[in-house]
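Okay, structure first, notes after.
The values are calculated or read from the model by the stated rules, or taken from the named source; none is laboratory data. These numbers come from a predicted model, not from an experiment. Virtual Cβ from ideal backbone geometry, glycine too; neighbours counted across all protein chains shown. Surface accessibility is based on the protein's heavy atoms, side chains included, excluding ligands, DNA and RNA. Shrake-Rupley method; radii C 1.70, N 1.55, O 1.52, S 1.80 Å.
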Amino acid sequence: MRVLRRGDAGPDVSEIRSMLAAMDLLPRMNGSDGYGSFDLTVEHAVRAFQQRRGLITDGIVGPATYRALRGANYHLGSRPLAYLISAPVNGDDVFALQDRLTELGYDVGRPDGVFGPQTEHGLRNFQRDYGLVVDGICGAAVVRALSQLSPRARGGRPVFLREQEQVRRAGPRLRGKRIVIDPGHGGEDAGIQVQGLREADIAWDLARRLEGRMKATGMEALISRGPANGPAEADRAAFANEAGADLFLSLHNDQNSSPEAQGVASFHFGNGYGTTSTVGELLAGFIQRELAARTGLLDCRTHPKTWEILRLTRCPAVRIEIGYLSNPGDRRRLSDPAFRDVVAEGILIAVKRLYLLGEGDQPTGTFTFADVLAHELAKAE
């Protein structure tokens with residue numbers, strides 16, 4: 001599909017208007033309106049939908065927003081659901097299926113609205129336990145059975161408990177943990193460019209500094225791209241999934257039309273309806289607090305998003321927007337190699353805090369790289 005924005009018209013815009021109207025975000029069109037146009041009212045409705053779904057709130061209907069709009073028009077039972085490798089099925093009906101299976105005690109991972117292999121595995125187990133045809137397809141019989149059963153777990157967030165248990169079992173030591181570091185952009189995509197500073201170059205430099213520190217602690221640190229290439233977000237997520245990563249850290253900078261915009265923000269997977277990567281949310285909080293305390297950058301807090309880099313990565317993932325290149329103060333800091341060292345150390349400390357789970361911890365901003373190394377050596381002995 002073509003990207004749609006204010007000023008466009010035609011059957012594609014008519015489809016967008018119909019989908020927004022079905023969600024009561026836009027008045028329904030009259031037959032006399034023809035195809036309708038992508039006017040300011042439509043843009044505001046698109047922005048409201050994007051904000052609700054954890055997408056970039058730009059008022060433009062690109063591939064990600066279009067997929068979310070299409071998916072929002074499905075309810076459980078409105079179509080058969082199955083795992084398709086070449087074209088994964090996604091939508092609100094998939095999310096409802098995942099949420100229901102989770103309530104019944106089946107592990108489908110975190111509900112993300114995408115019918116993947118883990119969802120199929122959980123569905124097959126459900127079909128086997130309840131005497132249904134074990135084909136991994138959610139059809140009328142499965143929907144009927146799901147509606148007749150009472151949940152085994154409601155509240156308590158079973159996905160949260162599983163993720164937290166995985167971190168607890170991993171232990172407090174960093175040695176052996178596999179981390180994928182994802183420097184944003186790359187290759188022909190330089191990202192934000194201001195006064196000779198390129199986002200791709202800053203992200204690459206930060207990734208190498210973080211990689212060195214992580215390897216010094218015994219961690220296995222992998223970088224998602226080379227210095228001269230820029231994979232798509234889905235490919236970066238696939239790299240982390242194939243590597244069996246424990247955590248995924250994506251490094252970026254931000255910009256704004258106002259030079260006053262500044263600060264650091266961290267993002268984790270979350271759809272705005274209570275479903276979140278809970279370990280990702282916890283790690284994002286640690287990173288945010290450490291970087292705000294150590295760098296003096298304005299704390300722009302943590303936020304749930306459904307971006308592909310967060311949604312498609314099976315392990316807990318965090319994207320960090322470290323400063324605004326459009327802000328003179330942030331730009332000056334980011335151009336200083338010593339500042340990048342502070343950022344790299346802060347991210348490493350946040351990862352260590354995640355695995356400590358509050359045991360033997362120190363106040364935010366006071367834990368040092370030397371402390372981490374000492375802790376690793378003490379545990380080794």
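Quick notes on this one:
- Ala344, sole failed condition from (1) of a type in the set (A, V, I, L, M, F, W, C); (2) crowded, with 19+ Cβ neighbours inside 10 Å; (3) at pLDDT 95 or above; (4) out of contact with any Lys or Arg (no Cβ under 7 Å at 6 or more places or on another chain): (4)
- Residues within the range 288-315 that are in a strand (DSSP E or B) and not basic (Lys, Arg), tallied: 5
- Hits in the range 58-73 (condition: without any contact (Cβ under 8 Å) to a residue 24 or more places away in the chain and either open to solvent by less than 50 Å² (accessible area, probe 1.4 Å) or in contact with a strand residue (DSSP E or B) (Cβ under 9 Å, 6 or more places away or on another chain) (or both)): Thr65, Arg67
- The set of residues in the range 60-93 being modelled with pLDDT of 90 or more and among the hydroxyl-bearing types (Ser, Thr, Tyr) consists of Thr65, Tyr66, Tyr74, Ser78, Tyr83.
- Positions within the range 269-313 being among the basic types (Lys, Arg), touching a residue at least 40 places away in the same chain (Cβ under 8 Å) and either within 25 Å of Ala48 (Cα to Cα) or open to solvent by less than 10 Å² (accessible area, probe 1.4 Å) (or both), in sequence order: Lys305, Arg311
- Residue among Leu25, Leu55 that alone is open to solvent by less than 60 Å² (accessible area, probe 1.4 Å), out of contact with any Leu (no Cβ under 7 Å at 6 or more places or on another chain), more than 20 Å from Ala96 (Cα to Cα) and touching a residue at least 24 places away in the same chain (Cβ under 8 Å): Leu25
- Residue-level check: of (1) open to solvent by 20 Å² or more (accessible area, probe 1.4 Å); (2) at pLDDT 90 or above; (3) farther than 30 Å from Val351 by Cβ, Gln127 misses just (1).
- Of everything in the range 258-268 that is of a type outside the set (S, T, N, Q) and more than 14 Å from the chain's Cα centre (by Cα), the residue that is most open to solvent (accessible area, probe 1.4 Å) is Glu260.
- Listed by position, the helices (runs of 4 or more DSSP H) inside the range 1-112 whose residues that are more than 30 Å from Ala140 (Cα to Cα) number at least 2 are 11-22, 40-53.
- In the range 316-341, the residues that are in a loop (DSSP other than H, G, I, E, B) and surrounded by fewer than 17 Cβ atoms within 10 Å (Cβ to Cβ): Ser335, Asp336
- Boolean, Glu199 is surrounded by fewer than 21 Cβ atoms within 10 Å (Cβ to Cβ) and out of contact with any Lys or Arg (no Cβ under 6 Å at 6 or more places or on another chain): no
- Residue in the range 158-177 that is modelled with pLDDT of 90 or more and surrounded by 14 or more Cβ atoms within 10 Å (Cβ to Cβ) present: yes
- The one condition in (1) of a type in the set (S, T, N, Q); (2) farther than 27 Å from Leu312 by Cα; (3) touching a residue at least 24 places away in the same chain (Cβ under 8 Å) that Asn90 fails to fulfil: (2)
- When restricted to residues that are modelled with pLDDT of 95 or more and among the aliphatic types (A, V, I, L, M), the range 108-124 contains 1.
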